[in-house]
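The values are calculated or read from the model by the stated rules, or taken from the named source; none is laboratory data. As the structure is a computational prediction, the values presented were derived from the model and not from experiment. Neighbour counts are summed over all protein chains in view; Cβ atoms, including those assigned to glycine, are modelled from backbone coordinates with ideal geometry.
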Amino acid sequence: MGHVLMENRNGLAIDATLTHATGRAEREATLTMLDRRAARRRITLGADKAYDVTEFVGALRKRKVTPHIAVQGSVSKLGKSRKTAIDRRTLRHVGYAISQRCRKRIEEIFGWIKNPGGLAKVKVRGRPKVEAAFAFAVVAYNLIRIPKLIAAQDA
């Protein structure tokens, strides 16, 4: 599985990693990528419902990361909503709504990596080679995106 950490302001990928597909791989990869960052100030992390796990949210808070994670609001057969790990204080914050809109831009990165990036079907074998191809595709995405950002800034 390929994982990307994106900054919300410009939609650029700031880190990428590759893992074996497990039920916890996405959350573990996220924590690994966050640990590689130089901690300068408190940041927020926008994510989908799969990340709404108490253990993961606790790990984010220990790293001084505010979790802006979509609430897993599925309803059981008895009509009870699933308990969320995100507190109400975070949910009512204005920045939470903004993060939820911005987080969908991560799909643009994966869409570009698959089609123009040529990784819809990997053509190399072995984890080191696949990891190199994935990292190269992420860097290429950023190189394609940067001139568009500069042009939009000048306009």
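Miscellaneous remarks
- Checked against the criterion of being crowded, with 18+ Cβ neighbours inside 10 Å, of a type in the set (A, V, I, L, M) and either at pLDDT 90 or above or touching a Lys or Arg at 6+ places or on another chain (Cβ under 8 Å) (or both), the candidates L45, L18 yield just one match: L45.
- For the stretch 40-67, the tally of residues that are part of a helix (DSSP H, G or I), among the small types (G, A, S) and either in contact (Cβ under 8 Å) with a residue 40 or more places away in the chain or touching a strand residue (DSSP E or B) at 6+ places or on another chain (Cβ under 6 Å) (or both) stands at 0.
- For the stretch 21-42, a residue qualifies if it is of a type in the set (D, E, K, R) and surrounded by 15 or more Cβ atoms within 10 Å (Cβ to Cβ), and the qualifying residues are E26, R27, E28.
- Applying the criterion of being basic (K, R) and outside any loop (DSSP other than H, G, I, E, B) to the residues of the stretch 79-127, the residue that is nearest to T17 (Cα to Cα) is R127.
- Yes/no for T66 being of a type in the set (S, T, Y), at pLDDT 90 or above and under 19 Å from R27 (Cβ atoms): yes
Residue by residue, here is whether (1) free of Cβ contacts under 8 Å to residues at least 12 places away in the same chain; (2) within 17 Å of the chain's Cα centre (by Cα); (3) surrounded by fewer than 10 Cβ atoms within 10 Å (Cβ to Cβ) holds:
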| position | (1), (2), (3) |
| --- | --- |
| R82 | yes, no, no |
| W112 | no, yes, no |
| K129 | yes, no, no |
| D154 | yes, no, yes |
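- Candidate set: the stretch 48-67, residues that are among the aliphatic types (A, V, I, L, M) and under 11 Å from I86 (Cβ atoms); chosen: the one surrounded by the fewest Cβ atoms within 10 Å (Cβ to Cβ): V53
- Note on the stretch 68-80: among residues that are closer than 21 Å to G58 by Cα and in contact with a strand residue (DSSP E or B) (Cβ under 6 Å, 6 or more places away or on another chain), the one that is surrounded by the fewest Cβ atoms within 10 Å (Cβ to Cβ) is G73.
- Residue match in the stretch 27-39 (condition: in a helix (DSSP H, G or I) and either at pLDDT below 90 or over 17 Å from L5 (Cβ atoms) (or both)): no
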